[in-house]
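The values are calculated or read from the model by the stated rules, or taken from the named source; none is laboratory data. Quantities reported herein were computed from a predicted structural model and do not represent experimental measurements. Virtual Cβ from ideal backbone geometry, glycine too; neighbours counted across all protein chains shown. To get the accessible areas, we keep the full protein, side chains included, count just its heavy atoms, and leave off ligands, DNA and RNA. Shrake-Rupley method; radii C 1.70, N 1.55, O 1.52, S 1.80 Å.
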2 protein chains.
Amino acid sequence: MSDETAAATSHRRPSGRDAKRAARSARAAASVAYITRKIPEFEVLGTEGLEILEHNADTILEEIGVDVRDDPESLQLYRDGGADVQGERVRFPRGMCREIVQRSAPREFVQHARNPARNVLIGGKNTVFAPAYGSPFIRSLDEGRRYGTIEDFHNFVKLTYMANSLHHSGGTICEPVDLPVNKRHFDMVYSHIKHSDKPFMGSVTHPDRALDTIEMAKILFGPDYLDPATGRPKTIVISLINANSPLTWDATMLGALKHYARANQATIVTPFILSGAMSPVTIGGTVAQTLAEALSGMALAQLVNPGAPVVMGSFASSISMQSGAPSFGTPEPALVLYVMAALARRLGVPFRSGGGLCGSKIPDAQAAFESANTLLPTCLAGVNFVLHTAGWLEGGLAMGYEKFMMDVDQAGMMHTLLAGVDMSENGQALSAIREVGPGKHFLGCAHTQANFESAFYRSPLADNNSFEQWEAEGGKDMAQRANAQWKKQLAEYVAPPLDPAVDEALLDFMKRRKDSFPDSNVG
Amino acid sequence: MSDETAAATSHRRPSGRDAKRAARSARAAASVAYITRKIPEFEVLGTEGLEILEHNADTILEEIGVDVRDDPESLQLYRDGGADVQGERVRFPRGMCREIVQRSAPREFVQHARNPARNVLIGGKNTVFAPAYGSPFIRSLDEGRRYGTIEDFHNFVKLTYMANSLHHSGGTICEPVDLPVNKRHFDMVYSHIKHSDKPFMGSVTHPDRALDTIEMAKILFGPDYLDPATGRPKTIVISLINANSPLTWDATMLGALKHYARANQATIVTPFILSGAMSPVTIGGTVAQTLAEALSGMALAQLVNPGAPVVMGSFASSISMQSGAPSFGTPEPALVLYVMAALARRLGVPFRSGGGLCGSKIPDAQAAFESANTLLPTCLAGVNFVLHTAGWLEGGLAMGYEKFMMDVDQAGMMHTLLAGVDMSENGQALSAIREVGPGKHFLGCAHTQANFESAFYRSPLADNNSFEQWEAEGGKDMAQRANAQWKKQLAEYVAPPLDPAVDEALLDFMKRRKDSFPDSNVG
């Protein structure tokens, strides 16, 4: 046994009081509306490289252009903005999209929550964590894999509400497959409003559903919907607008984007790219294409309503060249992420990417390696809005209860990491070193006692006990501990208060709208 | 299902030929003697902060000093070098240790392997991966946890030899508890020499064992032991010298350090610190103390033999304030690591830290999260010598067969990450985007075909197949796949050729030395 392992043998059993104190401390530490980073962003390319990639994006927009499918209004908006429109192909004079975006898109903006203490500032040095989005399946240790339901959806909204390290309620946390496709957006938006007071995302699966979302936000905020300072609507909803990469937009996504932009609601304009399928297999090619696509989408939002909040998104992973399956947590997407974040800063818009992505079907070591290898770059790169922070499994096909709790823990750690180094006198701690001196230990010294509560991030899921104690407690793995934790959380859930009149108005609106057209599951 | 998950449903089954090609490609990609990074180092503190911490380290060395236990020779060396020695307490005039180190310690150096193609360049932009070190226990899925044996030791030397992402054979990969404590160093050094041709580490558990290690290196290299260019011995062995933090050195470690330094063999001078026990609970306090301790140890090596290769080491983690147990993969140690790496660059010596550290007892999600949260900072910070890259479990108390294979995979990924962004014309891939255009896919395009073999890092352990295929293949987790992999590797192991005369001379030396004193297990 080396010196480096000998120390690991000395443990003492925690008392119940210690555990309670730790829980209090962990809660206090993470209870912020969003993170404001105090460490620099990590960049992997210098200015020269970034300029080349920007030039390439402009080349793509100028020479190749983007296709806009089935959406004459958007084509006209682009034409009026100065683009060359031939049929459905839109080509942009070099620099046009960048100028439009830089002219009016805010560098950062507030997304309002119904509880103002939960408002998030998106952009700049800030990072906002939201849960995963879009899974049709659910996974838990108890039930394995099955289709998601509205009850699962409620559960995840509740768990997200209770997670101090998640700042945002997210959107389609899982697909409630038990509800009709053309009406489930009502129930999802209502669940976010009812079971949480954190900011949330809107529907994008049909332009009308964007309007429904906006209507529900208006009901929720009532007279506070308009910002008295600007006379414009407050930004209450943020929504995910995916491109059909390569270089294609469809009327569904652009229809939603335009509705949201007109209402001053935020959109995350995100090329969804699996390199090798939707973009070239190289980082440089993927980045230039992503930037071109995002620029064209963000420019449309600004053409519709200058000043409407937009976030530049990048969802980039790669495919297995063996099987064609998407892979996650590999080095190439991390490099794309670092470069895209730097490009967003140069452009001057908030950036969305990353999360706790993985390809693993279960919350095992693969899931954890891949998720950590995505979340850490996400945070070091300086991502402002992190969708898919918690719960993601199987390339997004499954939302995992245990994985969710693990990711919440990891997101908590990121709060401490991004807080950086405390260089105060207390942080420098020379007094402690003077007090203790050579050959003694710091466990009981005054400085340690004074900093005991806040000293280190405390994981509620990691087991750091001795082997013997861990074994005596059943030799559980992290997934088993997470299983107990999410059930305990759900049992302890208490809903945030909601004005009964608002609640009634929302339910009434939903009923009227739902009754006005027949159920459908075709889209 | 959102656009971001829909794509995950499209898979095709890999053919055997695809799999073989992928395996070839993965091997070729990682087959380098060491990594030379092409991305910047990440730093979390600016110059002002780093200067304060350097000032604090000097204050510690000047005001408090270090204790040197039972080692009059080292006390005399420090006194002759200009230190103030009172009893066993050594205080250093401000800047003394730094000046001594900067005067003669090499910024980088070659550690020679018996196969010159395996020589590693330690320092500068280079990163060298070595396996974990010092575990008394072994863990595998088949046997659970038990004490390690020399057969396990041989196994891990073989697996390390076969792992293209590990550049270095390491040292006490596990403790061969079945051999006498006072003689097992012979068998460990011999195993590294016999079963691998990668560079290795020497014994530090007694000064005489350092001499035995040096003697075996001399036998191995024969007339090539001396470097004809310098007339000095080649650096063939690197060894881990731990301080007894806080601020204490003992005669065992310093005895080994002096023997190695006199023979021009490299030492890694490493304060082993669990913050809260061996240092203050803060990052700033831990860093200043680590720097002070490392400076005093490296200075001794330079006083003994100016120019002897030294590496500044930092092993820093924290303890659970609930239980006193060490914890790993938390944010605070990562911050210490980033700062220490920056300080090593300012000092101008190679740096050792990090690895695949975790507190988990088993290769589960906890192990993976913690290991990734250590290895990624290790690589981004710019660590030059990475001990504990592979196999580490349970705070270093156990060496895991499955964990080892997982970590080897992760180390492989780091090769791709540190290679950065290819900004060649092929890397920019505008031709591919021009070829494919909007709405098509890149799977068959000329650029994809030309880059197919090297496109993405291919994990041999991640399962990216469809849920259905994964389930049909037994629904295995990563640990189960790793279990099959290490057994297959060991079955395929072929020893690198070793000159029979050298082999005989080594065995003869070991027999003579072992016969010259009785077995002992007391230390």
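Measuring nothing but label to label, 7 Å from Cα along Cα→Cβ, what are residue B:511's distances to the other copies in nm, shortest first?
Taking the point 7 Å beyond Cα along Cα→Cβ, the inter-copy spacings are 9.6 nm.
Mind running the shape call on the range A:424-469? Use the C-alpha gyration tensor, a ≥ b ≥ c as the square roots of the eigenvalues: rounded below 1.5 for a/c, prolate if a/b tops b/c, oblate otherwise.
oblate
Using a/c under 1.5 as the rounded threshold, could you call the range A:130-185 rounded, prolate or oblate? The axes a ≥ b ≥ c are square roots of the C-alpha gyration tensor eigenvalues, and prolate needs a/b larger than b/c, oblate otherwise.
Working: a/c = 2.19, a/b = 1.25, b/c = 1.74.
It comes out oblate by the Cα gyration axes.
Kirkwood hydrodynamic radius (Cα pairs, Å) of the range A:153-285?
Here the Kirkwood hydrodynamic radius works out to 16.0 Å.
Could you state the accessible area per residue of the protein assembly as shown in Å², with a 1.4 Å probe and every protein chain left in place?
Computed with neighbouring chains in place, this is 32 Å² per residue.
Specify whether the C-alpha gyration tensor of the range B:444-504 places it in the rounded, prolate or oblate class, a ≥ b ≥ c being the square roots of the eigenvalues: rounded for a/c under 1.5, otherwise prolate if a/b is larger than b/c and oblate if not. Can you show the working numbers first?
Details: a/c = 4.79, a/b = 1.48, b/c = 3.23.
Cα axes put the range B:444-504 in the oblate bin.
What does the copy distance list look like for residue A:523, label position 7 Å along Cα→Cβ, in nm and ordered from shortest?
From this label point to the equivalent ones elsewhere in the assembly: 7.5 nm.
With each pseudo-label sitting 7 Å past Cα toward Cβ, what's the residue A:227-residue A:147 distance in nm, one decimal?
4.1
About the Cα centre of the protein assembly as shown, what is the dipole size in debye to 20, counting +1 per Lys and Arg Cβ and -1 per Asp and Glu Cβ, all else neutral?
160
Could you give the spread of the C-alpha atoms of the range A:221-374 along their three principal axes, from largest to smallest, in whole angstroms?
54, 31, 29
Show A:258, A:38, A:440 ordered by accessible area, largest first, where the area counts protein heavy atoms only and the probe is 1.4 Å.
Values: A:258 5, A:38 155, A:440 125 Å².
Solvent-accessible surface, decreasing: A:38, A:440, A:258.
What fraction of the Cα pairs in the range B:195-234, stated in percent, has a spacing above 11 angstrom? Provide the component values of the computation, followed by the final result.
Details: 531 of 780 pairs.
Cα-Cα pairs in the range B:195-234 separated by more than 11 Å: 68 percent.
Could you tell me the extents of the protein assembly as shown's C-alpha atoms along the three principal axes, largest first, rounded to whole Å?
Answer, in whole Å and largest first: 96, 61, 50 Å.
So who's got an amide H within less than 5 Å of the one on residue B:172, skipping anything under 5 residues away but keeping other chains? H placed 1.01 Å off N, in plane.
B:134
For the range A:371-523, what Kirkwood radius comes out of the mean inverse Cα-Cα distance, in Å?
When all Cα pairs of the range A:371-523 are included, the Kirkwood radius is 20.7 Å.
In units of 2.2 N^0.38 Å, what is the alpha-carbon radius of gyration of the range B:312-372?
The value comes to 1.24.
Quick one: what do you get for the range A:35-156 if you divide its Cα Rg by 2.2 N^0.38 Å?
1.55
How big is the range A:309-453 by Rg and Dmax over its Cα atoms, in Å?
19.7, 61
Nearest-5 percent of antiparallel DSSP beta bridges in chain A?
Taking every DSSP beta bridge within chain A, about 40 percent pair in antiparallel fashion.
Using 1/(1 + (r/R0)^6) with R0 = 30 angstrom and r between the beta carbons of residue B:162 and residue B:215, what's the FRET efficiency to the nearest 0.05?
So the FRET efficiency works out to roughly 0.60.
In Å³ and rounded to a whole number, note down the convex hull volume per residue for the Cα atoms of chain A.
179
What are the distances, in nm and sorted shortest first, from the label point of residue B:491 to the label points of the same position in each other copy, with each label point placed 7 Å from Cα along the Cα-to-Cβ direction?
Values, ascending and in nm: 4.7.
Mean separation of Cα pairs under 8 Å and 6+ residues apart, divided by the residue count of chain B: what relative contact order is that in percent?
Reported as a whole number, the value is 19 percent.
Rounded to whole Å and ordered largest first, report the semi-axes of the equivalent ellipsoid of the range B:231-320 derived from its Cα gyration tensor (root of 5λ).
Here the semi-axes work out to 26, 11, 10 Å.
Would you be so kind as to identify which of A:322, A:493, A:122 lies farthest towards the positive end of the dipole of chain A, taking Lys and Arg as +1 and Asp and Glu as -1 on Cβ and the Cα centre as origin?
The Cα lying farthest towards the positive end belongs to A:493.
Can you tell me the mean projection area, over all orientations, of the convex hull of the range B:353-396's alpha carbons? Units nm², please.
2.5
In the range B:105-160, if every C-alpha pair distance is counted and binned at 5 Å from zero, what percent goes to each bin?
The calculated distribution, bin by bin, is 4, 13, 18, 20, 13, 11, 12, 7, 2, 0.
Leaving out ligands, DNA and RNA but keeping every protein chain, what accessible area does residue B:97 have, in Å² rounded to the nearest 10, with a 1.4 Å probe?
That residue has around 0 Å² of solvent-accessible surface.
Between residue A:62 and residue B:490, what is the FRET efficiency for a Förster distance of 51 Å, r being their Cβ-Cβ separation, to the nearest 0.05?
0.35
Between residue A:178 and residue A:503, what FRET efficiency comes out of the Förster formula 1/(1 + (r/R0)^6) with R0 = 35 Å and r the beta carbon distance, rounded to 0.05?
0.95
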